[in-house]
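For reference, the structure discussed in these notes is given below.
The values are calculated or read from the model by the stated rules, or taken from the named source; none is laboratory data. Given the structure is predicted, the values throughout are model-derived calculations rather than measurements. So basically every Cβ, Gly included, is an ideal-geometry build from the backbone, and we count neighbours across all protein chains shown. Side chains are part of the model used for accessible areas, which takes the heavy atoms of the whole protein and leaves out ligands, DNA and RNA. Shrake-Rupley method; radii C 1.70, N 1.55, O 1.52, S 1.80 Å.
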Amino acid sequence: MSTEIINGETVVRLTVNGEPHSGIAEPRTLLSDFLRHTLGLTGTHVGCEQGACGACTVRLDGEIVRSCITFAVAADGAEVETVEGLAGPDGLHPIQEAFRANHGLQCGFCTPGMLLTTQALLEENPAPTDGEIREHLSGNVCRCTGYQGIVAAVKDAAGRLEKEGRS
Ligand code: FES
Ligand code: FES
């Protein structure tokens, strides 16, 4: 898709969680700010704003990316998945249920990034070991849980998805 510029401003068109969205962005506008401030999707959290903590993780055409170091204009035409897209009409996603059941969150600030990173892991590797989980989530910082609950949650999520035939 070629980027559209109207009166010197860039129109960014994205599909977010299956729905079309568009908005004006400056060349320097970050995807995290575009999602939160332009589209009002505040489920994506912003922590370090330098690509280190993983709080702002979203999926861009299926790949996990740091939305705080991705320009909105670079995502023009892409499919974006955010935490708002996980739960369905029947309730929470199994990964969300597993995090809730295993104390995989406390303050919840890191949780959106943890959930999307977990989803990407379990698509690639439906039955990861503890070591594989820790390695895959090593770019996502949590200041509350000590990670034990998160690892347990990811293992539980793997079991729930397998049971539902979703892995
Ligand atoms: S806010 Fe993006 S990695 Fe920390
Ligand atoms: S639950 Fe608080 S930062 Fe992870």
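Of note:
- Mean projected area (nm²) of the alpha-carbon convex hull when the stretch 1-150 is viewed from all directions: 9.1 nm²
- Relative to the Cα centre, the charge distribution of the stretch 21-167, modelled as +1 at Lys and Arg Cβ and -1 at Asp and Glu Cβ, gives a dipole magnitude of about 440 debye.
- Note on E164 and I24: their simple-model spin labels are 4.0 nm apart, each label 7 Å out from Cα toward Cβ.
- Projecting the Cα atoms of G18, G62, L41 onto the charge dipole of the stretch 1-155, computed from C-beta unit charges around the Cα centre, puts L41 farthest toward the positive end.
- The angle separating the long axis of helix 111-124 from the principal Cα axis of greatest extent in the chain is about 70 degrees.
- Computed about the Cα centre, the dipole magnitude for the stretch 40-98 is approximately 220 debye when only Lys and Arg (+1) and Asp and Glu (-1) carry charge, each at its Cβ.
- Residue order for D130, D76 - accessible surface, 1.4 angstrom probe, largest first: D130, D76
- Build a GNM of the chain with springs between Cα atoms under 10 Å apart, and of Q119, Q96, Q106 the one that fluctuates most is Q106.
- Local electrostatic count at K155 - Lys and Arg +1, Asp and Glu -1, tallied over other residues with Cβ under 15 Å: -2
- Given charges at beta-carbon only (K, R positive; D, E negative), |dipole| of the stretch 103-167 in Debye: 220 debye
- Carbon/sulfur fraction of accessible area - the stretch 73-118, other protein chains in place, 1.4 Å, %: 51 percent
- Rolling a 1.4 angstrom probe over the protein heavy atoms with all chains in place gives the stretch 38-139 an accessible area of 45 Å² per residue.
- Applying the Karplus relation 6.51 cos²θ - 1.76 cosθ + 1.60 with θ = phi - 60° to the stretch 63-73 yields 3J(HN,Hα) values of 8, 6, 9, 8, 6, 7, 10, 10, 6, 4, 5 Hz, where x marks Gly and Pro.
- Loop trypsin sites (Lys or Arg not before Pro), the stretch 5-76 (other Cβ atoms within 10 Å of the site Cβ: 14 or fewer; DSSP): R28
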